[in-house]
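The values are calculated or read from the model by the stated rules, or taken from the named source; none is laboratory data. Remember, predicted model here, so these are calculated numbers, not experimental data. Cβ: placed from backbone, ideal geometry, glycine included. Neighbour counts: every protein chain shown.
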Amino acid sequence: MHDTIPAAAPRSGRFLPFARLSLLALALGLAACKGGAEGAPGKDGKGKQEASKGPEAIPVEVSKASRRSIAASYMGTAPLEARGESQVVAKTSGIALRVFADVGQQVRAGQPLLQMDRDRATLQVAQADAQVRKLEANYRRASQLVEQKMVSVNDVDQLRYDLENARASLRLARLELSYGTVTAPISGVVAARNIKPGNLVQINTPIFTIVDTSRLEATLNAPEREIETLKAGQSVQLAVDALPGKTFDGHIDRVSPVVDSGSGTFRVICTFDGGGLLQPGMFGRIRIEYDQRANALVIPRTALLEDGTSPAVYTVKANKAVRSALTLGYTDGEWVEVREGLREGDPVVVAGKAALREGSAVQVIGAKAAAPAAPQAAAQ
């Protein structure tokens, strides 16, 4: 009976491995918790390290302020017009017999353009001429008889008045006859012809249009602030859309001294030589240079901030964006003159400025970055 006591030992031996496994699992769990607790501070440390780096630098392109010649100019647009234009009308009625000019033909003042049938006017001239000859003969005889007191002085005076009236009627008939030949009132080019041989020509009806293309004009409506700078005689450059790549020289012919109260503008009339490529009706872009500076400090116009405030740019100092207010001068194409606010060699942001604020970290990139780098280092 006592031999059953040792049998309890193997049962206890099977229990111990399970206990060891439970203790091992507990230890691993505690180690995992400890590791997790110790890992959290490490993660926070990395976040703090990343936060300490601050926001990422904004990539920008810069250009440096430099010196170049710059011109003060006024630019405007206007269509070209012929300086002289005439609507040719007939001063009498009749049938068109011959037409001597056509569209595109160059004509001179006084040159015949149209011949009308004038048979009736010719007969009126002959009738008036006969009446004049008759009265001249009567007046000569009466003048001889008045000396013999065979004709009264009053009769002689009446004959003289009748003769003068007849001569006036003859001149009128000849003038009416001359209206049968229509001539050009001005020299120029025939721009329109509204008659054909055989047509009935009505009095005061336009039958030709002649334009004088020897000189062309363009009228600018300039703002009143330019009234002290735009003067007669100043040089003008013209470019037209129909002739790309070509420019034409002209000058200001005259300036209106009156400012329109409604629009606040005044008229500036520019003239150009015609007779070549320029034609009336072309749309012109006009540039008038009224001053020039040979050694002006300039920056690209693209560097200017467009936030509706006073003129300003962003410069780069110690890899930070710094807003600089400017006093501007002349504007010439893509360049603008800086009178105050920058020095020669100062870098200004030309691309990427929309994302900048005062003190923003910047990273200068692109080919334009190398040029401003040396002046910036020297300034520091």
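How many residues, within the stretch 157-187, are in contact (Cβ under 8 Å) with a residue 40 or more places away in the chain and out of contact with any Lys or Arg (no Cβ under 7 Å at 6 or more places or on another chain)?
Matching residues across the stretch 157-187 total 11.
Can you tell me which residues in the stretch 234-256 are part of a strand (DSSP E or B) and in contact with a Phe, Trp or Tyr (Cβ under 8 Å, 6 or more places away or on another chain)?
Passing the criteria: VAL236, GLN237, LEU238, ALA239, VAL240, PHE248, ASP249, GLY250, VAL255.
Please verify whether GLY245 is free of Cβ contacts under 8 Å to residues at least 12 places away in the same chain and either surrounded by fewer than 15 Cβ atoms within 10 Å (Cβ to Cβ) or in the same structural domain as ARG287 (by TED's automatic domain parsing) (or both), treating the condition exactly as stated.
yes
Which condition number does VAL259 fail, the rest of (1) part of a strand (DSSP E or B); (2) in contact with a helix residue (DSSP H, G or I) (Cβ under 7 Å, 6 or more places away or on another chain); (3) not basic (Lys, Arg) being met?
All conditions are met except number (1).
In the stretch 288-334, how many are among the aliphatic types (A, V, I, L, M) and under 25 Å from the mean Cα position of the chain (by Cα)? Give the steps one after another, and end with the answer.
At the first step, the residues of the stretch 288-334 found to be among the aliphatic types (A, V, I, L, M) are 288, 294, 296-299, 303-305, 312-313, 316, 318, 321-322, 325-326, 328.
Now restrict to residues that are under 25 Å from the mean Cα position of the chain (by Cα): 288, 298-299, 303-305, 328.
Residues meeting the conditions: 7.
Among the residues of the stretch 198-215, is any touching a Leu at 6+ places or on another chain (Cβ under 7 Å) and small (Gly, Ala, Ser)?
no
Every residue, every condition in (1) farther than 12 Å from PRO347 by Cα; (2) in contact (Cβ under 8 Å) with a residue 60 or more places away in the chain; (3) surrounded by 14 or more Cβ atoms within 10 Å (Cβ to Cβ); (4) of a type in the set (Gly, Ala, Ser), yes or no:
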site	(1), (2), (3), (4)
GLN292	yes, yes, no, no
VAL298	no, yes, yes, no
ALA303	no, yes, yes, yes
ALA321	no, yes, yes, yes
LEU326	yes, no, yes, no
ASP332	yes, yes, yes, no
VAL336	yes, no, yes, no
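Out of the strands (runs of 3 or more DSSP E) lying entirely within the stretch 273-375, which hold 2 or more residues that are under 30 Å from VAL240 (Cα atoms) and modelled with pLDDT of 85 or more?
Of the strands (runs of 3 or more DSSP E) lying wholly inside the stretch 273-375, those with at least 2 residues that are under 30 Å from VAL240 (Cα atoms) and modelled with pLDDT of 85 or more span 283-300, 335-340.
Within the set of pairs 6 or more residues apart or between chains, which connect a residue that is more than 10 Å from GLY233 (Cα to Cα) inside the stretch 249-269 to a residue that is acidic (Asp, Glu) and in a strand (DSSP E or B) with Cβ atoms less than 7 Å apart?
Going by the 7 Å Cβ cut-off, the qualifying pairs are ILE269/GLU217; ILE269/ASP253.
Taking the stretch 93-147 on its own, how many of its residues are of a type in the set (Val, Ile, Thr), surrounded by 17 or more Cβ atoms within 10 Å (Cβ to Cβ) and within 30 Å of ASN194 (Cα to Cα)?
Going through the stretch 93-147 one residue at a time, the tally reaches 3.
Does GLU85 count as out of contact with any Leu (no Cβ under 7 Å at 6 or more places or on another chain), within 30 Å of PRO347 (Cα to Cα) and either in a strand (DSSP E or B) or not hydroxyl-bearing (Ser, Thr, Tyr) (or both)?
no
Quick test for you: out of ASN194, ASN204, pick the one residue that is touching a Pro at 6+ places or on another chain (Cβ under 8 Å) and closer than 30 Å to THR92 by Cβ.
ASN194
Residue by residue, here is whether (1) among the hydroxyl-bearing types (Ser, Thr, Tyr); (2) over 15 Å from the mean Cα position of the chain (by Cα); (3) at pLDDT below 90 holds:
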| site | (1), (2), (3) |
| --- | --- |
| ASN221 | no, no, no |
| VAL236 | no, no, no |
| ALA239 | no, no, no |
| ALA242 | no, no, yes |
| ASP249 | no, yes, no |
| VAL258 | no, yes, no |
| CYS270 | no, no, no |
